[in-house]
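Remarks on the structure that follows.
Only the coordinates and a few stated rules stand behind these numbers; no lab work does. Here the structure is a predicted model, which is why all the values come from computation and not from measurement. For neighbour counting, all protein chains shown are included, and Cβ atoms are generated from backbone atoms with ideal geometry for every residue, glycine included.
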Amino acid sequence: MISLSKDITDAEVQAAAAYFSAMKPRSNIRVVETATVPKTFVAGWFLAALKTGEKEPIGQRIIEVPEDLEQFEHRDPRSQFNAYAPIGSVAKGAALVNTGGAGKTLQCAICHGQDLKGLGGVPSIAGRSPSYVVRQLYDIQNGARAGTATQLMKATVANLNIDDMLSIAAYLASRTP
């Protein structure tokens, strides 16, 4: 890959940047609030649903699995995912994201834009993978992430517990990117 990139001209880099920046993000996650989820197994670095149809209680977690395991394993960019979340988590997340949850956190739109699709150098958070969102919030809260932007988020996540993070992630994943 490095040898290929050495031969790319500035004009080619600009053309690629223009092409990819013009692409509109599309949703590939369907949030499903449920009390039970398919039993899963670890398939490489991700979870996949067992084909037996067995179910188990969801508890306080989000289970994110590809809808079509074979399609995902073949790296099809159109792969879709189901994000199973506890019942009520999307509404609780909406309250935290949109109002700050009575002082528990800040309204996300202040920095991420009214539609949560980013504002200036602040990234879009709408339609993101819930696994990714929880991991980022947790890492910021616990000091595993560093940097200027991370410092701005520290106070925002300071009072969130894991259930709050899960709810925020479920709500954000349900939004159109």
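About its Cα centre, what dipole magnitude does the chain give when the only charges are +1 on Lys and Arg Cβ and -1 on Asp and Glu Cβ, stated in debye to the nearest 20?
380 debye
Hey, what did the chain get for relative contact order, percent, Cα under 8 Å, at least 6 apart?
Relative contact order for the chain comes out at 23 percent.
Amide H of F81: which non-local residues (sequence gap of 5 or more, or other chain) have their own amide H closer than 5 Å, using H built in the peptide plane?
I29, R30, E67
Separation of segment 71-113 and segment 13-47 by C-alpha centroid, Å?
13 Å
Taking +1 at the Cβ of each Lys and Arg and -1 at the Cβ of each Asp and Glu, which of P38, Q80, A170 sits farthest along the dipole of segment 26-174 towards its positive end, judged by Cα position relative to the Cα centre?
Farthest along the dipole direction, towards plus: A170.
For a protection proxy built on the mean count of beta-carbon atoms within 10 angstrom, sort 57-66, 10-19 highest first, please.
57-66, 10-19
Please compare each pair in K39/K92; K92/K154; K55/K117; K55/K104 to a cut-off of 23 Å on the Cα-Cα distance and tell me which ones are over it.
Pairs exceeding 23 Å: K39/K92; K55/K117; K55/K104.
Report ³J(HN,Hα) in whole Hz for each residue of segment 76-92, in order, from the Karplus equation J = 6.51 cos²θ - 1.76 cosθ + 1.60 where θ = phi - 60°; Gly and Pro get x.
Values, residue by residue: 5, x, 8, 4, 10, 10, 9, 10, 7, 10, x, 4, x, 5, 5, 5, 5 Hz.
Report Rg(Cα)/(2.2 N^0.38 Å) for segment 26-174, keeping two decimals.
That works out to 1.07 for segment 26-174.
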